[in-house]
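Notes to accompany the following structure.
The values are calculated or read from the model by the stated rules, or taken from the named source; none is laboratory data. All values derive from a computational prediction rather than experimental measurement. So basically every Cβ, Gly included, is an ideal-geometry build from the backbone, and we count neighbours across all protein chains shown. Accessible surface is based on the protein model in full, side chains and every heavy atom, while ligands, DNA and RNA are left aside. Shrake-Rupley method; radii C 1.70, N 1.55, O 1.52, S 1.80 Å.
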Amino acid sequence: METFVIEGGRRLTGRVRVNGSKNAALPLAATVLLTDEEVTLRGVPELADLKNMYRLLSELGCDRLSEPPTGEPGVIKFRADPKGNSHARYDIVKTMRASICTLGPMLARRGYARVSMPGGCSIGDRPVDLHVRGMQALGAEITLDGGDIIAKAPAGGLRGSTMFLGGAFGSTVLGTANVMSAATLAKGVTIIESAACEPEIVDLANMLNAMGARVRGAGSPRVIIEGVKELSGTDYTVMPDRIEAGTFVLAAAITNGDVIVENCPIDSLLCFIDKLSAMGIHVTPVPSAPGVPAGVDPLRACVRVTCDRTLKPVEVTTQPHPGFPTDLQAQLMATLTLADGNSVITERIFPERFLHVAELSRMGAKLYRQGPTVIISGVKKLIGAPVMASDLRASACLVMAGLAAEGTTIIHRVYHLDRGYERMEDRLKCLGASIQRIDDKDLPKSSQLSEG
Ligand code: EPU
């Protein structure tokens, strides 16, 4: 297994470019199941989760028309066979929960879908009841067999309807994506009330509309979809990754650096930037090239990150968009461990998403957890230590803590990080970080992971 070895204490400086969004690209890739025509996606990051999605799509009868090494980097082309296999099996679904995104498109186009039910994961239970409720509202008959969700459209196809899609924790991002995609081919009008407002939903609606769908209101809690008979292929560029952008911004801040982040969707990060400004971290639009005014395209801006010498503590609650994103909670916590005073983080989306707390504590952070809330009592410095990555964003948080810590940090199981960040170590090295990826067995015996 691979490991990062980080020598901390170096200020990050220079420029880094944000890649296309993982969480946008996953449901965008699944839309290929809605049409028989060729679909091209551009700006797709090279990530383990996306590779799993391509594997799943190919099992579901979608031919990948551009394969590396001949294809252009970041460009994916697919064409689906509507008579292809419609069973998303457990062995793939268990590696990637976003497999559930294939449910709506398959059901709408083929009238039948069988998708293994994703289990819980390290950040919590993660039920899919709202996805199922949405499909039922469109007239689908749902049964469970052998751990699989079996969805059948009524004779004559799915029917548009008005539905409330909120749950105990608010809206659902992938649930909204699933129902919205399915409703594009339903007969009549669908209204989703309490729809997720995340920018990735807007990106999906834009792509569906480019395929001939009629989706309005995406980005607001009420999305209206007028069903159409068929969708065509398209050529679409994925939005930049707001979570990757936020991670680089915080990596700059935790090292007291001065970094230019290119292709930064500032429009999607307003709550985040507002909190950072209260901490003394400044994110300022700058020209991307000579003669280009700053912030011309707020979805693909160029920003400079600088910060005050002393960071101030803040109180943050994660919320659905446009609130503070849960996917930046762990990285913010790492930064707040070095603020001057007590901060409070409350996690309202995934109340168990705190596996990084114990690892940060091993590095000298002072953290007190009570249920969904963690009090962070700022310390003068973090101290390098061997730590364990447990999920994607917790891994990013540990990388950041390692960059700021005194001495050497060894992060085990970085495959979690590779699910969501492309070549993270190379990009950090370009900013002046000392970070190496090495095989666990090349570490001194005392630092290797013993199983069990
Ligand atoms: N929920 C239900 N029932 C459902 C679905 C969700 O109760 O049927 C609950 C969840 O348990 C949670 C809340 O609703 O408490 C929100 O979950 P949501 O469905 O919005 O999460 P998701 O769509 O499965 C996406 C991202 C996550 C991100 C969340 C929240 C992708 C592939 N995943 O998951 O990203 O944390 O939205 O913004 O888009 C990550 O990138 O690290 C990641 C975990």
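A few notes on this one:
- Any hit, region 161-182, residues being more than 16 Å from the ligand (Cβ to nearest atom), assigned by TED's automatic domain parsing to the domain that holds G43 and in contact (Cβ under 8 Å) with a residue 40 or more places away in the chain: no
- Region 80-119: number of residues that are within 15 Å of the ligand (Cβ to nearest atom), in a helix (DSSP H, G or I) and more than 21 Å from E38 (Cα to Cα): 5
- Check on A252, surrounded by 24 or more Cβ atoms within 10 Å (Cβ to Cβ) and either of a type in the set (A, V, I, L, M) or at pLDDT 95 or above (or both): yes
- Test: residue in region 289-304 that is of a type outside the set (D, E), under 23 Å from T172 (Cα atoms), within 16 Å of the ligand (Cβ to nearest atom) and not in a strand (DSSP E or B): no
- Of all residues in region 1-32, those satisfying the criterion of being open to solvent by 10 Å² or more (accessible area, probe 1.4 Å) and farther than 28 Å from A301 by Cα are M1, E2, V5, E7, G8, G9.
- Among the residues of region 198-212, the ones that are within 11 Å of the ligand (Cβ to nearest atom), in contact (Cβ under 8 Å) with a residue 40 or more places away in the chain and closer than 21 Å to S161 by Cβ come to 1 in all.
- Residue in region 277-296 that is open to solvent by 10 Å² or more (accessible area, probe 1.4 Å) and closer than 28 Å to A195 by Cα present: no
- For Y54, the criteria (1) without any contact (Cβ under 8 Å) to a residue 60 or more places away in the chain; (2) open to solvent by less than 20 Å² (accessible area, probe 1.4 Å) hold in every case but one, which is (2).
- Among residues of region 129-157 that are farther than 18 Å from I225 by Cα, those with a Cβ under 7 angstrom from a residue that is basic (K, R) and at pLDDT 95 or above, sequence gap 6+ or separate chain, pair up as E141/K152; D148/R114; I150/R114.
- Taken over region 279-332, the residue count meeting the criterion of being aliphatic (A, V, I, L, M), touching a strand residue (DSSP E or B) at 6+ places or on another chain (Cβ under 9 Å) and closer than 22 Å to C397 by Cβ is 10.
One line per residue, one yes/no per condition, for (1) within 16 Å of the ligand (Cβ to nearest atom); (2) in contact (Cβ under 8 Å) with a residue 24 or more places away in the chain; (3) farther than 19 Å from M363 by Cα; (4) open to solvent by less than 40 Å² (accessible area, probe 1.4 Å):
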{"residue": "A396", "(1), (2), (3), (4)": "yes, yes, no, yes"}
{"residue": "E406", "(1), (2), (3), (4)": "no, yes, no, no"}
{"residue": "H416", "(1), (2), (3), (4)": "yes, yes, yes, yes"}
{"residue": "E425", "(1), (2), (3), (4)": "no, yes, yes, yes"}
{"residue": "L428", "(1), (2), (3), (4)": "no, yes, yes, yes"}
{"residue": "P444", "(1), (2), (3), (4)": "no, no, yes, no"}
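- Every pair of residues 6+ apart whose Cβ atoms lie under 8 Å, when the first sits in region 295-315 and is more than 15 Å from L12 (Cα to Cα) while the second is at pLDDT below 90 and open to solvent by less than 60 Å² (accessible area, probe 1.4 Å): A301/A294; A301/G295; C302/A294
- Leading residue by the ranking (modelled with the lowest pLDDT) among those in region 335-376 that are among the acidic types (D, E) and more than 19 Å from I254 (Cα to Cα): E352
- The single condition among (1) within 19 Å of V115 (Cβ to Cβ); (2) outside any helix (DSSP H, G or I) that P73 does not satisfy is (1).
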